[in-house]
1. Could you check segment 258-282 and list, in sequence order, the residues that are assigned to a strand (DSSP E or B) and touching a residue at least 60 places away in the same chain (Cβ under 8 Å)?
2. Please go through segment 283-309 and pick out each residue that is more than 30 Å from Ile42 (Cα to Cα) and either in a helix (DSSP H, G or I) or β-branched (Val, Ile, Thr) (or both).
3. Can you say whether Thr21 is at negative phi and modelled with pLDDT under 95, as far as the supplied structure shows?
4. Would you mind listing the strands (runs of 3 or more DSSP E) fully within segment 1-89 where at least 2 residues are out of contact with any Gly (no Cβ under 9 Å at 6 or more places or on another chain) and within 30 Å of Ile158 (Cβ to Cβ)?
5. Which of the residues spanning segment 161-184 are assigned to a strand (DSSP E or B), surrounded by 14 or more Cβ atoms within 10 Å (Cβ to Cβ) and of a type in the set (Val, Ile, Thr)?
6. Scan segment 225-283 for residues that are over 19 Å from Ile298 (Cβ atoms) and of a type in the set (D, E, K, R) and report the count.
7. Here are some conditions: (1) in contact with a strand residue (DSSP E or B) (Cβ under 7 Å, 6 or more places away or on another chain); (2) surrounded by fewer than 21 Cβ atoms within 10 Å (Cβ to Cβ). Leu225 meets all but one. Which one does it not meet?
Amino acid sequence: MSGMSAIVTPPGPLHLRLPATSANLGPGFDSLGLAMALYLNIDAEVSNTGAFCIDATGRNADLCSVIEHNLILTTYVDVLANAGRLSPRLHLRLHNEIPLGMGCGSSAAALLAGVMLANHFGELRWSGEQVLEEACRREGHPDNVAACFYGGMTVSAICENSVVTVAYKENINWGLLLALPSASLSTSKARALLPDHYSRADAVANIQATALLVSAFATRRGDLLAAAMRDRIHQPYRMEACPLLPRLLPLAGTAGIYGVALSGAGPSVLMIAEASAPIPELLSLIRNAAGDPSLEIIQTSLSGGAFSW
C-alpha cells in the first residue's frame, strides 16, 4: 500500500438556521440584543462544479444570491485562509427572512454563518465559544452576534479579549412588532452620527436604564420596559436619519405596548408588546402614529439561537 494516497472524503452537508437580532436595545448600546423569530436558513454542501454557487429565495433574494462581496462567503474564505486551510467551494441554498440594511442583524447572521461554515467545511473543530468570539471580533462588538448565537435577550461584554454573555429566554412570551421604513440605513453611517463624548448625566442615565432593563427581562416585568428602554447615548443622535423613531417612541407604556426602541442602528423600530394585546388594534395605532397607512410591520417573537445540524 506504500505510495498510495488516502482518499479524502469531503465534509457532509451543513444546515444552519440563524435568527434576526435587534441590538443596542434601548440604553444597551453595544451590549444588549435580542433574537427575533425571523431566520436566515442555509443548506450548504461542497460544490460539484468547483465554484461557489448560491440559490436564494425569500426576502432580498436578489441581493442574497450575489457571489461577489457576499459577506457569508468572504468570511468563510478569510477564516480558513487565516487558519492556513483551503476553502472548499460551496453550493449554498438560502432562504432569507431577515430585512437587509434595516438594523435587524443581517450582517451578524451572515458573519456567524460564514464562521460556522468555515468551522464545518474546514474541519477546524472549534468550540461554540471560539466560533462566537471569532464572529464578534469580526463584527467589532458582541451584542448582535451573541444574541444570534444564543437567542433570547443577551447581555454581552468583552473581558480580556473574551466574550462574556448571559442570555434570558425562559418564560418570556412578550410579542415583538418591527416597523420597517422604506429606506435602509448603513451601520457605518448610523455610527458616524454619534458624538465622541457624553456628559456624566447621560452616562448615568443610561447605566440606570440598562440595569433596569436587564432586571425587567430577568423578572419578566413588562411594566418596567417603558422606563427601562429610554436612551440618551445613541437614539437621540439618530432621530433625523430614523424618522420613524420620534413618531413611535411616545407609544411606549400605552395601549399594550411595553417599550419602544430603535432596532440596532436603525432605521427600523422595535416595539415590545403585551402577549394578550390585540394585534389589529396595535397595527392601526402604530400606522396612525407613523402617519403611514401602508407602513410594513412584522409581527414576531423572541427566538432561540443559531441552530446547526
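1. Taking segment 258-282 and keeping what is assigned to a strand (DSSP E or B), we get 258-262, 269-273.
Listed by number, the residues that qualify are Tyr258, Gly259, Ala261, Leu262, Val269, Leu270, Met271, Ile272, Ala273.
2. Leu283, Ser284, Leu285, Ile286, Arg287, Asn288, Ala289, Ala290
3. For Thr21, the condition - at negative phi and modelled with pLDDT under 95 - is not met.
4. Passing ranges, in order: 14-23, 32-46.
5. Val163, Thr165, Val166 - these are the residues of segment 161-184 that are assigned to a strand (DSSP E or B), surrounded by 14 or more Cβ atoms within 10 Å (Cβ to Cβ) and of a type in the set (Val, Ile, Thr).
6. Adding up the residues that qualify gives 5.
7. Failing condition for Leu225: (2).
Yes/no matrix, rows are residues, columns are (1) exposed (fewer than 13 other Cβ atoms within 10 Å of the Cβ); (2) closer than 28 Å to Pro293 by Cα; (3) outside the structural domain of Pro267 (by TED's automatic domain parsing); (4) hydrophobic (A, V, I, L, M, F, W, C):
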position: Cys159; (1), (2), (3), (4): yes, no, yes, yes
position: Ala190; (1), (2), (3), (4): no, yes, no, yes
position: Leu193; (1), (2), (3), (4): no, no, no, yes
position: Tyr198; (1), (2), (3), (4): no, no, no, no
position: Ile207; (1), (2), (3), (4): yes, no, no, yes
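The values are calculated or read from the model by the stated rules, or taken from the named source; none is laboratory data. Predicted model only: the values in this text are computed from it and were never measured. Every residue, glycine as well, gets a Cβ built from its backbone with ideal geometry; the counts of neighbours run over all protein chains shown.
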